[in-house]
Amino acid sequence: MVENRPYAKFLAYLVLTIGVIIVAFPVYLAVIASTNDSATISNGNMSLLPGDQAGVNYYRTLFQGTARTSGEAVGSMMVNSFIMAMGIAFGKILISILSAFAVVYFNFPFRKTAFWIIFITLMLPVEVRIYPTYKIVADLGMLDTYTGLILPLIASATGTLLFRQFFMTVPDELLEASKIDGAGAFRFFKDTLIPLSITTIAALFVIQFIYGWNQYLWPLLITTKSSMQTVVIGIKKMLTTQDVLTEWQIAMTTAVLAMLPPVLVVIFMQRLFVKGLVETEK
Amino acid sequence: MAGVTLDTVRKIYAGNVEAVKGVSLDIEDGSFCVLVGPSGCGKSTLLRMIAGLETISGGTVKIGDRIVNQIEPADRDIAMVFQNYALYPHMSVYDNMAYGLRNRGTPKDEIEKRVKEAARILAIESFLARKPRQLSGGQRQRVAMGRAIVRKPQVFLFDEPLSNLDAKLRVQMRVEIKRLQKALGVTSIYVTHDQVEAMTLSDKLVVMSGGQIEQVGSPADVYRRPETRFVATFIGSPPMNILPGTVEGPGRVSVGGQSIAVTDMREGLSAGTPVEVGLRPEDVQAGSAGVSALTMDVDFVEELGATQLFHGKVAGAEFVVQASTGQIPADTRRLTLAIDPANVHLFDPQTTKRLGRV
Amino acid sequence: MEKRAIFSSKTLPYLLLLPQLAITFIFFYWPASQAIWQSFLLEDAFGLSSEFVGFENYRTLFEQPEYYRAMVTTAVFSTAVAILSLSCALLLASQADKQLRFGQGYKTLLIWPYAVAPAIAGVLWIFMFHPTLGMVSRPIKTMGIDWNPMLNANHAMILLVFAATWKQISYNFLFFLAGLQAIPKSVIEAAAIDGAGPLRRFWTIVFPLLSPTTFFLIVVTVVYVFFETFGTIDAVTGGGPAGQTTTLVYKVYSDGRLGGDLGSSAAQSVILMLIVIGLTAIQFRYVERKVQY
Ligand SMILES: Nc1ncnc2c1ncn2[C@@H]1O[C@H](COP(=O)(O)OP(=O)(O)OP(=O)(O)O)[C@@H](O)[C@H]1O
Ligand SMILES: [Mg+2]
């Protein structure tokens, strides 16, 4: 529109800039804290400029840990988080693409039932079935294992719905052409459906990686060994807020490290991230 | 090579929709057979049953000497060209053509030879590395053809392969398909609702309506001697005029009180029997009074360039006459039409069947 | 909606569905039904035996003042976060929708907090608002307010609302921006020709057209506050002080912890299930999620 109101644009820049500053400020402070020593922070003397302790803090955090986390280094917690996030993302994609393939491309007596069984899981988040789920995982001997961390979180309707929706848009003629070209179900899936779904897969991967990395309640319940802790749980253990002995510089260094992978994923895979977010909510 | 034989083939869809009602048809080896008919008449269904994409509810389909009812599409030795081409969007042109061959374990150098050969015939050699989305509609169409050719199948199946192209390209591709089919000599079955395509391409023309065959024959036969009123009005453009009339005696009918002679007329029709009289717009001679003549009140004239269409009424019914431009002054209000007895078609108003000599 | 072209195999579809269905049954349906069953049982103090007590657990639950307090806390928390995060997000989105030079850059800088774990968001905010060392607490204290979220329940709630809102703005911003971009420019131009100024256009044209998005985001934000802020609460307040920031979900967790009152915890889970079903139903009923069958 040819509307010439310079102040409107100025206002827009102003509002957005303030927004960005407010959004970034807590993280900026965390980064600053990760470059200061313990005393500076707990005296309340921290300035808004970086200190000179970054090397020490990041080294200690990544490789040594603190007494509160039973000396578990954040580096190994991040490895745990990474395994869990990747496991959840891949697991979800795998089982949901298979089930969507079954529901869309086959006709069998319990098709609708199967779809609804999966669909209803939307209404059963972990939080509403915490202890019974915990008990099953315990009975299966999966406490303090990666399997226990990953498996219960990989089934959900989101992925199946997403793939189903995408498969419905694939023209029937492609399957017919494949059939004439001599491709069976497996070949069609591998040679045509998967390559066509690749962006959907990537988008779902980005969302599920973030989801997995950021899990809190579930790992809190089922990990008791410090060696199985994820980084999001680890940081909570570092601060008991009443405690003056909290090593804030280490806690904030851990916070920065814990944010890094998922935030980088969002920034560098923004297009896929937005696609995934919008489509899993449709 | 092989012909295709259909024996009372039927298709009943879920919900008891009978889309194909017992079709029998013999398609000779190497011939070009076109299935034509209005939308929804079951021609795609029939073609897809031949391809094996649709189960056959009744009857048998034979390709060569083999009954293929229970055989998978891939094993029927056919190739198909779809209306939307159905190219694999993520594969290059080369891979699109090679895919079927790879799936059946054709040796690599053989695949390469065949793809190159097909690409040369279709003049798409320079696109082999491209993805389908980087091609124009006409080029995609060629790739779809190429995918069919490389397979060296017994039968080509086409389901309205040209209807996504613009008018000019459609004519060009039509000629190319015909040339290609003649060169390769592969039995082809081609579905269309475009009667110009049907007439120009076919050796054997099959007109369908309501899940049944109305008439089978060479395009010239079907045009010259339509067996039913449906075929008469479906084939030919503009469509044949139909006028109500009655039998006067052997070889004569009366239309709106005017008497006309008929060459091809069933013997033994008693005087007074109602008939439908069919006259093609291009078969009547306007302006000259002849032995048999009708008069027409003109409503308006359509200019088509080389010809003109005069729209009006004869004996109370709509009537169209086609005449070369300039032959008749455009402001003529009343025309006298000379009728050649050989060009009059008679149909039974009840059964709509032709009342010709047996 | 169904495919015309499908495969015909008797066993393959079941094999394909097997992993998902197995996990769904083992980790969703079985525990959920266990929760329902347990909500009707009363365990003795040692957890050795249990007896069927019908709706007893539900009755005691509704006699607990703490349960009502958790409901109120949850309601206040979700309302505050919904109002705050939606209005901030709408303000930012409406500005970002203008043809700006660095539009994409601003967008990137505003959406990344989505990727921060709720618990980490809590940690960042408690660091800023820590009563003794918080950088933001200092100016508040010099204003004469005895700021202490560790002891003062209102302060604790304010802090939680900030932390939860901060994280949710990015999501709401993204969807508002998409909603704004989907409004045909011609509609706004027509309003401009009709003489409506920018602000008037926003409230009479844009905002009503955005209402499906707004409604959708309200539901999503409420679901988020109900369930995902668990980590934030656990990191910031641990439900305190004195249980005053304990939400419904947090209470399920803390009541059942260390083999505590499992019957009551189960009854609470069942009530939560009903709430989720209600929220999902609302979402599907009014937000036109396109799921056929
Ligand atoms: N999967 C199906 N289930 C039920 N009825 C169907 C199905 N497919 C087609 N039909 C019906 O069968 C009839 C024939 O369909 P078909 O596709 O063969 O027509 P067609 O002659 O190819 O028409 P068009 O020129 O429009 O492509 C139609 O009435 C159609 O509605
Ligand atoms: Mg058709």
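The values are calculated or read from the model by the stated rules, or taken from the named source; none is laboratory data. Since we're looking at a predicted model, the values are computed, not measured. We place every Cβ from the backbone using ideal geometry, glycine too, and count neighbours over all the protein chains shown. The accessibility values were calculated without ligands, DNA or RNA, using every heavy atom of the protein model including side chains. Shrake-Rupley method; radii C 1.70, N 1.55, O 1.52, S 1.80 Å.
Work out, in µm²/s and without decimals, the Stokes-Einstein translational diffusion coefficient of the protein assembly as shown at 10 °C, 1.306 mPa s, Rh from Kirkwood over C-alpha pairs.
47
Of the DSSP beta bridges with both residues in chain B, give the percent that are antiparallel, rounding to the nearest 5.
Antiparallel: roughly 75 percent of the beta bridges in chain B.
I'd like the distance separating the alpha-carbon centroids of segment B:132-163 and segment A:161-226, in whole Å.
30
Take peptide C:197-204, look around each residue's Cβ out to 10 angstrom, count Cβ atoms belonging to other protein chains, and average those counts.
Mean shielding count: 1.
Just to be sure I understand: of the beta bridges DSSP finds with both ends in the protein assembly as shown, what percent are antiparallel, rounded to 5?
75
I'd like the carbon and sulfur percentage of the solvent accessible area for segment A:6-63, probe radius 1.4 Å, heavy atoms only, ligands and nucleic acids excluded.
Within segment A:6-63, the accessible surface is 74 percent carbon and sulfur.
Beyond 20 Å between alpha-carbons counts as too far, so tell me which of A:112/C:10; A:179/B:113; B:11/C:3; B:11/B:43; B:21/B:62; A:236/C:167 fall in that bin.
A:179/B:113
Would you calculate the volume per residue, in Å³, of the smallest convex hull containing every Cα atom of segment C:1-86?
Convex hull of Cα atoms, per residue: 246 Å³.
Carbon and sulfur: what percent of segment C:171-213's accessible surface (1.4 Å probe)?
68
State the Kirkwood hydrodynamic radius of segment B:238-347 in Å, one decimal place, computed from all pairs of distinct Cα atoms.
By the Kirkwood definition, the hydrodynamic radius is 14.0 Å.
Farthest toward the dipole's positive end in segment B:6-111, which of B:79, B:15, B:38, given Cβ charges of +1 (Lys, Arg) and -1 (Asp, Glu) about the Cα centre?
B:15
What is the spin-label model distance, in nm, from residue B:194 to residue B:179 if the labels are put 7 Å beyond Cα along the C-beta direction?
So the label points at residue B:194 and residue B:179 sit 1.7 nm apart.
Note down the magnitude of the dipole of segment C:185-253 about its Cα centre, charges +1 on Lys and Arg C-beta and -1 on Asp and Glu C-beta and zero elsewhere, to the nearest 20 debye.
Here segment C:185-253 has a charge dipole of around 120 debye.
Which distance in nm do the two modelled labels at residue B:237 and residue B:8 give, with both placed 7 Å along the Cα-to-Cβ direction?
3.7
Compute, for residue A:269, the solvent-accessible surface of its heavy atoms (probe 1.4 Å) with the complete set of protein chains present, and express it in square angstrom to the nearest 10.
So the heavy atoms of residue A:269 present about 80 Å² to solvent.
Give, in whole angstrom and from largest to smallest, the semi-axes √(5λ) of the equivalent ellipsoid of chain A, with λ running over the eigenvalues of the Cα gyration tensor.
42, 28, 16
Pick from C:105, C:260, C:134: which is most flexible by mean-square fluctuation in a GNM of chain C where alpha carbon atoms under 10 Å apart are linked?
Fluctuation is largest for C:105.
Just need the relative contact order of chain C here, percent rounded to a whole number, with Cα pairs under 8 Å and 6+ apart.
It rounds to 27 percent for chain C.
Mind checking the dipole of chain B: about its Cα centre, +1 per Lys or Arg Cβ, -1 per Asp or Glu Cβ, Debye to the nearest 20?
Charge dipole of chain B: 1240 debye, to the nearest 20.
For segment B:4-227, what is the relative contact order in percent, using Cα pairs closer than 8 Å and at least 6 residues apart in sequence?
30
More than 24 Å apart: what percent of Cα pairs in chain C qualify?
Roughly 65 percent, rounded to a whole number.
To the nearest 500 deg cm²/dmol, what mean residue ellipticity at 222 nm is calculated for chain B from DSSP H runs of n ≥ 4 alone, each contributing -39,500 (n - 2.57), summed and divided by the residues?
-7000 deg cm²/dmol
Work out from phi, with θ = phi - 60° and the Karplus expression 6.51 cos²θ - 1.76 cosθ + 1.60, the ³J(HN,Hα) of each residue of segment B:118-130, listed in order in whole Hz, and give x for Gly and Pro.
Whole-Hz 3J(HN,Hα) from phi for segment B:118-130: 5, 4, 5, 4, 8, 6, 10, 4, 7, 9, 4, 8, 7.
Keeping every protein chain in place, order B:133, B:76, B:114, C:69 by accessible area at 1.4 Å, biggest value first, i.e. largest first.
B:133, C:69, B:114, B:76
Given C:226, A:130, A:6, which one lies farthest toward the positive end of the charge dipole of the protein assembly as shown, if we put +1 on the Cβ of every Lys and Arg and -1 on the Cβ of every Asp and Glu?
A:6
Counting only the backbone N, which residues of segment A:248-282 are under 14 Å from the spot 7 Å out from the Cα of residue A:90 toward its beta-carbon?
From segment A:248-282, the list is empty.
Just how much of residue C:261 is accessible, in Å², when a 1.4 Å probe is used and the result is rounded to the nearest 10?
80
Am I reading the C/A interface right? What is its buried accessible area, both sides, 1.4 Å probe, to the nearest 100 Å²?
That pair hides around 9900 Å² of surface in total.
So for segment C:178-293, taking the charge dipole from beta-carbon charges (+1 Lys/Arg, -1 Asp/Glu), which of C:280, C:246, C:236 sits furthest toward the positive end?
Of the candidates, C:280 comes out farthest on the positive side.
Treating only the Cβ atoms of Lys and Arg (+1) and Asp and Glu (-1) as charged, compute the dipole magnitude of the protein assembly as shown about its Cα centre; round to the nearest 20 debye.
The calculation lands at about 1220 debye.
Accessible area per residue, 1.4 Å probe, Å², for segment B:238-347: what's the number?
Each residue of segment B:238-347 exposes 44 Å² on average to a 1.4 Å probe.
Which residues among segment C:259-282 fall inside the zone where the amide N is under 17 Å from a point 7 Å beyond the Cα of residue C:53, along Cα→Cβ?
C:259-271
Specify the residue with the greatest mean-square fluctuation among A:45, A:214, A:80, computed from a Gaussian network of chain A linking alpha-carbon atoms under 10 Å apart.
Greatest mean-square fluctuation among the candidates belongs to A:45.
Top mean-square fluctuation among A:210, A:150, A:198, Gaussian network model of chain A, C-alpha springs under 10 Å?
A:198
Please list, by residue number, everything in segment B:187-221 whose backbone N is under 16 Å from a paramagnetic label point 7 Å out along Cα→Cβ of residue B:171.
Those under the cut-off are B:195-201.
Could you work out, for segment A:6-63, what percent of all Cα-Cα pairs fall into each 5 Å distance bin, beginning at 0 Å and stopping at the bin that holds the largest distance?
The percentages, shortest bin first, are 4, 18, 18, 16, 12, 9, 8, 7, 5, 2, 0.
So how much slack lies between residue B:102 and residue B:295, counting 0.36 nm per residue of separation and subtracting their Cα-Cα distance, in nm?
The span from residue B:102 to residue B:295 would gain 62.8 nm if fully extended.
Given contacts defined as C-alpha pairs under 8 Å and at least six residues apart, what's the relative contact order of segment B:238-347, whole-number percent?
Relative contact order, segment B:238-347: 33 percent.
Enter the mean projected area of the convex hull around the alpha-carbon atoms of segment B:4-227, in nm², rounded to one decimal.
12.4
Kindly sort C:143, A:168, A:84 by accessible area of their heavy atoms, largest first, with the probe set to 1.4 Å.
The residues order as C:143, A:168, A:84, largest area first.
Output wanted: per-residue J couplings in Hz (rounded whole) for segment A:20-28, from phi through Karplus 6.51 cos²θ - 1.76 cosθ + 1.60, θ = phi - 60°, x for Gly and Pro.
4, 5, 4, 5, 7, 4, x, 6, 4
What are the residues of segment A:16-41 that lose 50 Å² or more of accessible area, with a 1.4 Å probe, going from their chain alone to all protein chains?
A:16, A:20, A:23, A:26, A:29
Would you please give the FRET efficiency between residue C:187 and residue B:84, computed as 1/(1 + (r/R0)^6) with r the Cβ-Cβ distance and R0 = 25 Å, to the nearest 0.05?
The pair residue C:187/residue B:84 has a calculated efficiency of 0.15.
Rolling a 1.4 Å sphere over the protein heavy atoms, what is the accessible area per residue of chain A, to the nearest Å²?
Normalised by residue count, the accessible surface of chain A is 38 Å².
Just add up the charged neighbours of residue C:253: K/R +1, D/E -1, any other residue whose Cβ is under 15 Å from the Cβ of residue C:253.
-1
Using the alpha-carbon centroid of each, what span in Å lies between segment A:105-141 and segment B:203-251?
Each part reduced to its Cα centre gives a spacing of 63 Å.
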